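**Student:** One structure coming up, written as structure tokens, with questions to follow.
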């Protein structure tokens, strides 16, 4: 068989969901493969040029899998994971330069790749509705959750808090969450809202009065060990994102036994089923009402915790890696 190459350029960036996915899968990928990564860290502009030139050249003799929404357009045997179609939404979620480039690249990747891996049925349906493709060209391999997230939760009774986790870009909908929290906080003045994730550009245009005075704590980027401690001690979890291809923090929170509130839009409800409070992320009133229910009813929290943890146990990285290995082997034998 020809060699199997994996595009690892994404691993030069800080750990977010795509990097977590790549790390978890490659550590369990039971096929012979060789990673290709730039010799030094590349920026947003140079990185895509490396994909189309050096990566394509180095991988020309074999099958190439790109796990992070990008890769060489002209490689004749390219498999790519498309996590979402956010760059095609014409929403102000990215810089103009980034969105312009990837809105041009992603359709070409999808059309030219020999196979598309997606992370949810929601994204698979989006791809098939927007592109003229054979249905069997697009395959869903849901994400998993590490066993380490199945911690024994012990909510912090002395300093209770509601937790949210994720890279802090506009899609995560923090301004509306904060506005909703301002309505909820007077009912639960003892509860803190803790936000895990890098500051990003979202706070540059955010009115400081939105954060101040209502017990919001920004933790920034923290280690995996600290993250587990935050999950372990939380009373509940909130993730009213505007758009997700999967929503890995939702699955991690469910594994940790946290009762949660999330968005009824995109892929989150596909993961949670009826084991979460689902809200309209565009309506502050919907978010605040959901938070009132979540924080005000201990019996509901207990029920959501138990049912969510049971669902989370069905999502494993081993299963994801096995599905991807089968795809790679199948296409490498042709």
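**Student:** With springs only between Cα atoms under 10 Å, which of 102, 231, 239 fluctuates most in a Gaussian network model of the chain?
**Tutor:** Taking springs between Cα atoms under 10 Å, the residue moving most is 102.
**Student:** While we're on this one: Could you tell me how many degrees, from 0 to 90 and to the nearest 10, lie between the Cα long axis of helix 17-26 and the main elongation axis, the longest principal axis, of the Cα atoms of the chain?
**Tutor:** Helix 17-26 sits at roughly 50 degrees to that axis.
**Student:** Okay, next question. Can you give me the relative contact order of the chain as a percent, contacts being Cα pairs under 8 Å and 6 or more apart?
**Tutor:** 18 percent
**Student:** What order, most packed first, do the peptides 107-113, 171-177 have when packing is the mean number of other Cβ atoms within 10 Å of each residue?
**Tutor:** Answer by packing, highest mean first, reads 171-177, 107-113.
**Student:** Taking the Cα centroid of the stretch 86-161 and of the stretch 214-276, what is the distance between the two, rounded to the nearest whole Å?
**Tutor:** 17 Å
**Student:** For the residue pair residue 313 and residue 292, what label-to-label distance in nm results when each label sits 7 Å from Cα along the Cα-to-beta-carbon direction?
**Tutor:** My value for the distance between the label points is 3.5 nm.
**Student:** Where does helix 174-184 land angle-wise versus the long Cα axis of the chain, in degrees 0 to 90, nearest 10?
**Tutor:** The angle comes out at about 20 degrees.
**Student:** Also: On alpha-carbon atoms, Rg over Rh for the chain using Kirkwood Rh?
**Tutor:** Computed over Cα atoms, the ratio is 0.98.
**Student:** Rounded to two decimals, what is the ratio between the C-alpha radius of gyration of the stretch 274-334 and 2.2 N^0.38 Å?
**Tutor:** Normalised Cα radius of gyration, the stretch 274-334: 1.81.
**Student:** Grab the Cα-Cα distance for residue 131 and residue 61, subtract it from 0.36 nm times how many residues apart they are, and report the gain in nm with one decimal.
**Tutor:** My answer for the length gained is 22.4 nm.
**Student:** A further question follows. Please report the antiparallel percentage of DSSP beta bridges with both residues in the chain, rounded to the nearest 5.
**Tutor:** In the chain, DSSP labels about 0 percent of beta bridges as antiparallel.
**Student:** Using a 10 Å cut-off on Cβ atoms, rank the peptides 27-35, 243-251, 10-18, 68-76 from the highest mean neighbour count down.
**Tutor:** In descending order of packing, they fall as 243-251, 68-76, 10-18, 27-35.
**Student:** To continue, here is another question. In nm, to one decimal, how far is the modelled label at residue 274 from the one at residue 140, with both set 7 Å along Cα→Cβ?
**Tutor:** 1.9 nm
**Student:** Shifting gears a bit: Please state, to two decimals, what the Cα-based radius of gyration of the stretch 27-154 comes to when divided by 2.2 N^0.38 Å (N = residues).
**Tutor:** 1.16
**Student:** Would you mind putting 322-328, 42-48 in packing order, based on average other-beta-carbon counts within 10 Å, highest first?
**Tutor:** 322-328, 42-48
**Student:** Another question, if that's okay. Cα atoms only, the stretch 147-312: Rg and Dmax in Å?
**Tutor:** Both quantities, over Cα of the stretch 147-312: 14.3, 40 Å.
**Student:** Relative to the longest principal axis of the C-alpha atoms of the chain, give the angle of the C-alpha long axis of helix 284-296, reported between 0 and 90° and rounded to the nearest 10°.
**Tutor:** Once rounded, the angle reads 70 degrees.
**Student:** Contour minus end-to-end for residue 219 and residue 111, with contour as 0.36 nm per residue of separation and end-to-end as the Cα-Cα distance?
**Tutor:** This chain segment gains 34.8 nm when fully extended.
Computed from the coordinates by the stated procedures, all read-outs in this text should not be read as laboratory data. All of these numbers come straight from a predicted model, not from anything done at the bench. Please note: Cβ atoms are built from the backbone with ideal geometry, for glycine as well, and neighbour counts cover all protein chains shown.
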